[in-house]
Each structure stands twice: as C-alpha cells, then as structure tokens.
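> Structure incoming, see below.
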Amino acid sequence: MKFFLDTANLNELRTGAKWGIVDGVTTNPTLIAKEGKPIKEQIAAICDIIDGPISAEVVATESKAMIAEGSDLAKIHKNVVVKVPLTRDGIEACSALSKDGIRVNVTLCFSAAQALIAAKAGAYFISPFVGRLDDIGATGMDLIHQVVHIYQNYDFDTQVLAASLRGPLHVIDAALAGAHIGTLPFKVLDQLFNHPLTDKGLDQFLKDYNKVFAQK
Ligand code: G3P
C-alpha cells in the first residue's frame, strides 16, 4: 500500500521524506490554512520535498470556477493532482479536467454510490473518509471494502485513497481491505514504527554486545 502524508507542514514532510517511505502528499483547505502561506507557494514547496502525487484542493464550489482553478493548480508542477469535493459541480469539474489529462482526486466521499459516480467521471483517486464516518457511529472501514470490491468488479482505474485515518489500526485495516493508498497525518505515520518488543530487543542486543566488547 502506498503511504501519503496528509499534511501541508514542510517540517513533517522533510522528516517523512528522510524515512524514504512517503509516496505522496494530500492537502486540503484546512491543512493549507494551518500553514498560513498562499496555496501555490506551499504546494510548490511541497513538490520540492516529496516526488510523488501532491493533491491540491480547489476552494471554488461552482464547476466553471473549479475547472479554471484546477487547471491553474495543475500548472504548479507535473506532480500536482487536483482535488475536488464530491458534489454535482465537483463531478462536472472532474469529468472536464480528466478529459484535459489533469489527474483528479475526488474528496469528501462517504458512500459507495458516490465512489461509483467518481470512477465513472474519470477520477484518478477517490478519497473515502474513514474517521469521519466512525465519528458518527458508522463503520468507516466498511466503505473501503465496498469501494475496493466495486472497483474490482468493473476494473475501474480509479485508485482508492483511504483518508481520515486516525491511527495504526485504520492503516492496517485499509491495507487488509485492499486500498491502493492510505493518507496519514504525520503523527499516525510515526506511530506505525512503535513496538515495545523492538525497543526491548534492541536494548538487550546492545547490552549483551557491550558487556563483551565495550571499551574497557
Ligand atoms: O484529507 C482529509 C483528512 O485531512 C481528514 O482527516 O482527521 O480531519 O477527518 P480528519
């Protein structure tokens, strides 16, 4: 499964890049606003750190304006993927941008029906939100299973990008469900490393080794 970092923070991205396990980045208007820099400047800086698909979201809500804004964002760098919300205008923009050869990530997906619409509109990525479904008492991971299954049934090219992942279990379950990509906040990516037996085992190895070979 590919790992994307769900952040616009350059320091988090630099650390993730050092680990060599980050395949791309997703941003959204909330994450961009958090960094306080104009979106074009921030996305360009992100493209210099991570060499993979970088999702940049439009803030327009009407299709014509989304298409214009999306075409503009796509000019920032060859790795930019334009993010649009799963609305009627968003799907209209997705169809038009995809026809122009611009890759589109359709976001704010909360149902298999929505995901089917996005695939038929030529979406490059679909972003079902797991955590936000869990927040309302639904089982978000069921949606990932459904979308992966439906897309396999019809050989859709759209890749399933599991989003709103809140912890390591979400990442593992998304991988077990067959999601192509998981987008993770930096904190969650960092948590994936942790296992007490790894720390305990390394301590013991070093203690045993140093007992014999430590400089007397
Ligand atoms: O890209 C979508 C993601 O940022 C949403 O995550 O945790 O706010 O539901 P969350």
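> Kindly list the residues of segment 41-71 that lie in the label zone of Ala17, defined by a backbone N under 20 Å from the point 7 Å along the Cα-to-C-beta vector.
Output list for this probe position: 41-57.
> Right, here's the next one. In the structure displayed, which of Lys18/Lys211; Lys40/Lys78; Lys37/Lys83; Lys34/Lys187; Lys83/Lys120; Lys18/Lys187 lie more than 23 Å apart, Cα to Cα?
Values: Lys18/Lys211 32 Å; Lys40/Lys78 13 Å; Lys37/Lys83 18 Å; Lys34/Lys187 16 Å; Lys83/Lys120 16 Å; Lys18/Lys187 15 Å.
Cα-Cα > 23 Å for Lys18/Lys211; rest within.
> Residues in segment 94-119 near a label at Ala68, defined as backbone nitrogen under 18 Å from the 7 Å Cα→Cβ point?
It comes to 94, 96-97, nothing else.
> Cross-link partners among lysines for Lys207, C-alpha distance below 18 Å, same-chain residues fewer than 8 apart left out?
Lys216
> Would you calculate the separation in nanometres between label points at Asn194 and His180, each defined as 7 Å from the Cα along the Cα-to-beta-carbon direction?
Simple spin-label model gives 3.2 nm for this pair.
> Run the helix sum for the chain: -39,500 (n - 2.57) per DSSP H stretch of 4+ residues, divided by residue count, reported at 222 nm to the nearest 500 deg cm²/dmol. Can you show the working numbers first?
Working: 11 runs with 114 residues, N = 216.
About -15500 deg cm²/dmol.
> Enter the Cα centre distance for the pair segment 1-51 and segment 117-193, rounded to the nearest angstrom.
Value for the Cα centre distance between the two parts: 19 Å.
> Here's a follow-up. Calculate, for Asn210 and Lys187, the FRET efficiency according to 1/(1 + (r/R0)^6) with r their C-beta to C-beta distance and R0 41 Å; round to the nearest 0.05. Please list the in-between numbers first.
Working: r = 33 Å, r/R0 = 0.80.
The pair Asn210/Lys187 has a calculated efficiency of 0.80.
Computed from the coordinates by the stated procedures, all read-outs in this text should not be read as laboratory data. Everything quoted here is computed from the prediction, not taken from an experiment. Please note: Cβ atoms are built from the backbone with ideal geometry, for glycine as well, and neighbour counts cover all protein chains shown.
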